[in-house]
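Each remark here refers to the structure printed beneath this line.
Computed from the coordinates by the stated procedures, all read-outs in this text should not be read as laboratory data. Because the structure is a prediction, the values reported are computed rather than measured. Positions of Cβ are generated from backbone atoms using ideal geometry, with glycine treated the same way; all protein chains shown enter the neighbour counts.
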Amino acid sequence: MAVTGPLEEVPLERLRERTSIKWRHFEPDVLPMWVAEMDVVPATPIRDALARALRDGDTGYGRGVGYAEAYARFSEARWGFAPDPAASVTVADVMTGVFELVRMVTDPGDEVVVTSPVYPPFHGFVRHAGRVVREAPLTPDARLDVAAIDDALAAASAGGSRTALLLASPHNPTGTVHARAELEAVASVAERHGATVIVDEVHAPLTLPGAVFTPYLAVDPRGLVVTSASKAWNLAGLRSATILAGADAAATLRTIPEVVTHGPNHLAVIAHAAAYDEGRAWLDAVVAGIAANHALARDLLQGSGVEHRVPDATYLAWLDLSRTPLADPDARADGGVVTDASRPSTALRAAGLGVNAGEPFGAGGENHVRMNLGTSQAIVREGVARLRAAIA
Ligand SMILES: Cc1ncc(COP(=O)(O)O)c(C=O)c1O
């Protein structure tokens, strides 16, 4: 039976005409399966909302908390929890929100704990903010290691320093959906150390069937969450996001400098709100396609020596190549490094497959690559074929 859905709509030759970084970073013969862009066109309600705004000249400055209001309706419908839009600030994008929160809740030179391997900008933005990264790596089965987080926060807060824990929920790159009990344990450990928990929930709408996503603010009123429709509806080029505060963190958010709120793009807010309110059926179809792609990749990788654990969320496949000929025995992870080349990723690029190297994700990223399956089944097949050819 022919596979259908949003991930199947754009043929490769049309994708190659795109000017976004995914399609322009590598040589033209490389199949790009790396940065977190999906190979879709935006849902019809999003295109309609943007067309209306342009037709009507609604192209001025944005105002208010309409972003968070739309998100709260979506969150209530999906997860039975509505954050308070009154305790929100619309910002330019997720990482701007994270960056500003880190600056607000810690002081220069303080430590911020991250759960490596994790999205490289977590390392890079913390360093750029003049803070120091302390890693509390995930367990070998890619779960939060609450004891390691406890130790890291104890060390980071020693001597009365302020500190924060920066979480990705669901986790990028492993796609782990943290269990409610894990988040509760993290919240209580953080409170004990006086640490602020900042949670990036941008991948949450991409939670796959069978997994249960828990909004962090549902378990911790001290928390601060940053989220956006940019991943789940592929709107990274339409930049906006929201910061949401738990009841006990709302006062912190009120002190956010005005300059930070100048970033969001009014048209982007319109697009993201349309996604949350009217893009739910489209999202369901994408999520079903992603689940099918992970299953397909797992099947195609059987017997290759590449380990692919089908995740609980999102389109990222975190592949362990340490038992393949591409493995580098001297590999050392270095979170946030600017260069994205490792021995495995360089060999794959030479074989015509563009993926993210694992090392910039930090501890545990050695000899891993991150492959983006937010695409058609034909591209998944071709990508895995190139991968298998490179390690044969
Ligand atoms: C976990 C995570 N946070 C943030 C971002 C980037 O979001 P934004 O472009 O809104 O800063 C990404 C993009 O891949 C991501 O995976």
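Under conditions of 25 °C and 0.890 mPa s, the range 1-100 yields 142 µm² s⁻¹ as its translational diffusion coefficient, taking Rh as the Kirkwood radius over Cα pairs in the Stokes-Einstein equation. Of all DSSP bridge pairs formed entirely within the chain, close to 50 percent run antiparallel. Charge tally around residue 362: other residues with Cβ under 9 Å, Lys/Arg +1 each, Asp/Glu -1 each, net -3. What 222 nm value per residue comes from the helices of the chain, counting each DSSP H run with n ≥ 4 as -39,500 (n - 2.57) and dividing by all residues, nearest 500 deg cm²/dmol? When only DSSP H runs of four or more count, the value is -11000 deg cm²/dmol.
What translational diffusion coefficient, to the nearest whole µm²/s, does the chain have by Stokes-Einstein, given a Kirkwood radius computed over alpha-carbon pairs, a temperature of 25 °C and 0.890 mPa s viscosity? Approximately 115 µm²/s, per Stokes-Einstein.
Packing here is the average count of other Cβ atoms within 10 Å per residue, and on that basis the peptides 15-21, 366-372, highest first, run 366-372, 15-21. Cα-based radius of gyration for the range 197-332, normalised by 2.2 N^0.38 Å, reads 1.32. With the charge dipole of the chain set up from +1 on Lys and Arg Cβ and -1 on Asp and Glu Cβ about the Cα centre, the Cα lying farthest toward the positive end among the listed residues 206, 79, 355 is that of 355. With the simple model of a label 7 Å out from the Cα in the direction of the Cβ, residue 389 to residue 41 spans 3.0 nm. When Rg and the Kirkwood radius Rh are both evaluated on Cα atoms of the range 78-125, their ratio Rg/Rh stands at 1.04. A protection proxy built from the mean count of other Cβ atoms within 10 Å ranks the segments 256-268, 237-249, 281-293, most packed first, as 237-249, 281-293, 256-268. If you take all other residues with their beta carbon under 14 Å from the beta carbon of residue 326, and give Lys and Arg +1 and Asp and Glu -1, the sum is -1. Around the Cα centre of the chain, unit charges on the Cβ atoms of Lys, Arg, Asp and Glu (plus for the first two, minus for the last two) sum to a dipole of about 520 debye. With distances taken between every two different alpha-carbon atoms, the range 58-278 has a Kirkwood hydrodynamic radius of 17.2 Å. Under the classification rounded if a/c is under 1.5, otherwise prolate if a/b is larger than b/c and oblate if not, where does the range 256-352 fall, given a ≥ b ≥ c as square roots of the Cα gyration tensor eigenvalues? Since a/c reaches 1.5 but b/c is at least a/b, the shape of the range 256-352 is classed as oblate. Compared with the rule-of-thumb size 2.2 N^0.38 Å for a compact globular protein, the range 51-113 has a Cα radius of gyration ratio of 1.51. Measuring nothing but alpha carbons in the range 107-208 and taking Rh as the Kirkwood radius, the Rg to Rh ratio lands at 0.95. If the segment from residue 302 to residue 381 were pulled out straight at 0.36 nm per residue, it would be longer than the present Cα-Cα gap by 27.1 nm.
About the centre of its Cα atoms, the range 58-278 shows a dipole size close to 260 debye [charges on the beta carbon of Lys, Arg (+1) and Asp, Glu (-1) only; nearest 20 debye]. When the Cα atoms of the range 297-367 are aligned to their principal axes, the ranges along those axes come out at 32, 27, 22 Å in descending order. Restricting attention to the range 58-278, close to 35% of DSSP beta bridges with both partner residues there are antiparallel. The slack in the chain from residue 154 to residue 191, taken as 0.36 nm per residue of separation less the alpha-carbon distance, amounts to 12.2 nm. Segment residue 81..residue 3, full-extension length gain: 24.7 nm, with 0.36 nm per residue of separation and the alpha-carbon distance subtracted. Once the gyration tensor of the Cα atoms in the range 1-54 is diagonalised, the equivalent ellipsoid follows with semi-axes of 23, 17, 9 Å, ordered largest first.
Residue 237 sits among other residues whose Cβ lies under 12 Å from its own Cβ, and their net charge, with Lys and Arg +1 and Asp and Glu -1, is +1.
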